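**Student:** What follows is a single structure, and I will ask about it in a moment.
A short reminder: the numbers here are calculations on the coordinates, not readings from a lab. Values in this document were obtained by computation on a predicted structure and should not be read as measured data. Backbone-built Cβ (ideal geometry, glycine too); neighbour counts: all protein chains shown.
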Amino acid sequence: MNEFVAGIASFGILLTIAAYQLGAYLRKKTGSVFCNPMLVATATVIAVLLVFKIDYATYYDGARFIGYLLTPTTVCLAVPLYKQISVLKEHPVAITCGVLSGVVASMVSIFLFSLLFRLDHASYVTMLPKSITTAIGISLTEEYGGYPAITAIAIMITGITGHIAAEKTCKLFRIHHPAAVGLAIGAASHAMGTSRALEIGEVEGAMSSLALAVCGIVTVIVIPVFAHLM
Amino acid sequence: MKYVQQFLIIILVTALGELCHALIPLPIPGSVYGLVLMLVALMTGIIKLPQVEGAAKFLIEIMPVMFVPATSGLINNFAAMRQMLLPLLVISILTTFIVLIISGKMTDVLMRKGEKDE
């Protein structure tokens, strides 16, 4: 089967889009948060590859074209941000404090959990950049001697958690201001959360885009302090 | 031809971002430099909103699909995951909620305070 589909150039793209569409259909049918299209699509692709004994490399050969689009799309996040720039101009203090508290909360809580689990230095620095975008996170892990593959998984679990649970969590804790909701989603769960924030609303999407970029950059600056704590 | 021109501008800014990544020795990806460059270009009027908005809207709408090729890569990392499965899951999931609540509550309270003062 692997060789057969390797001959079909569009296989990876077809499987990705069809799996996502299945997820979108299930969400519409059930209305359940766990029938999230991104999560369903991931599970479906993995299941298809396992059942038909297709190599991930064969799938990725086509799917990487969809994956690459993430770079220009992240650049495009400047558009919703620009349209809502007045929110940023009106609330500079709230937004700065929100972003900084997000980065510090992430690092401190990871440090405390690492103490609890008695992680060694390598495992601890592997977890440290888990709230930020993959490209930054992995290079930081490499620099401080962690395991990049596991950082990538931690970032993914974080993104999926935020993507699925952020909206309900904000409601539960009475975080109502659209800018606060968006900022929290971007700070906690990078681009994957941001893609959900953009569906919730314009202000949410814009502030999530802002938090995604700024938290990534701030993390690069403060991580040396935390990396040496353990 | 409207979309060709819009994609050209977006890819041009993306390329500039990737160039920054290649030249500046910091672990910041080209996409984040590109986002900042695009925002500066829009704010200074070098790029006008209608010159990129349609294509940007399309890309942003299909954004969640773009994560699937990478997340499906978990299939190759089951072994690495098993090494530290429990701390990995607990830390990844719980700290996401902690950050969400702390930064969200902080922003929410300060925003309301700011709006009341006005």
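**Student:** Cα centroids of the range B:1-51 and the range A:26-57: how far apart, whole angstrom?
**Tutor:** So the two Cα centres are separated by 33 Å.
**Student:** Straight-line reach from residue B:48: which lysines have a Cα under 16 Å away, not including same-chain ones fewer than 8 places off?
**Tutor:** Result set, ordered by chain and number: A:83, B:2, B:57.
**Student:** Sticking with this one: If exposed trypsin sites (Lys or Arg not before Pro) are those in a DSSP loop with at most 12 other Cβ within 10 Å, what is the longest stretch of chain A that has none?
**Tutor:** Maximal segment without exposed cleavage sites: A:54-117.
**Student:** Need one word for the range B:73-118: rounded, prolate or oblate. Basis is the Cα gyration tensor (sqrt eigenvalues a ≥ b ≥ c); a/c below 1.5 gives rounded, then a/b vs b/c decides.
**Tutor:** It comes out prolate by the Cα gyration axes.
**Student:** Give me the inter-chain shielding for A:153-166: mean count of other chain Cβ atoms within 10 Å, whole number please.
**Tutor:** Mean shielding by partner chains, rounded to a whole number: 6.
**Student:** Ok, one more. Give the order of A:59, A:82 when sorted by the count of other beta carbons within 10 angstrom, beginning with the fewest.
**Tutor:** With the fewest neighbours first, A:59, A:82 line up as A:82, A:59.
**Student:** Just check the protein assembly as shown against the gyration tensor rule for me: Cα atoms, a ≥ b ≥ c as the square roots of the eigenvalues, rounded for a/c under 1.5, and otherwise prolate or oblate depending on whether a/b exceeds b/c.
**Tutor:** Cα axes put the protein assembly as shown in the rounded bin.
**Student:** Round to the nearest 10 and give me the degree value, 0 to 90, for the angle of helix A:148-172's Cα axis relative to the longest principal axis of chain A.
**Tutor:** Computed tilt is about 70 degrees.
**Student:** Further question: With each label point set 7 Å from Cα along the Cα-Cβ vector, what nm distance links residue B:58 and residue A:33?
**Tutor:** 3.4 nm
**Student:** Could you list B:3, A:144, B:33 so that the one with the fewest beta carbons within 10 Å of its beta carbon is first and the one with the most is last?
**Tutor:** Fewest to most other Cβ atoms nearby, the residues stand as B:3, A:144, B:33.
**Student:** Sticking with this structure for a sec: In what order do B:53, A:3 fall by count of nearby beta-carbon atoms within 10 Å, going from fewest to most?
**Tutor:** A:3, B:53
**Student:** Please give, to one decimal in nm, the separation of the simple spin-label points placed at residue A:50 and residue B:48, each 7 Å out from Cα toward the Cβ.
**Tutor:** In this crude spin-label approximation the distance works out to 5.4 nm.
**Student:** Let me know the shape class of the range A:78-227, please: from the alpha-carbon gyration tensor, a ≥ b ≥ c as square roots of the eigenvalues, rounded when a/c is under 1.5, otherwise prolate if a/b is greater than b/c, or oblate.
**Tutor:** prolate
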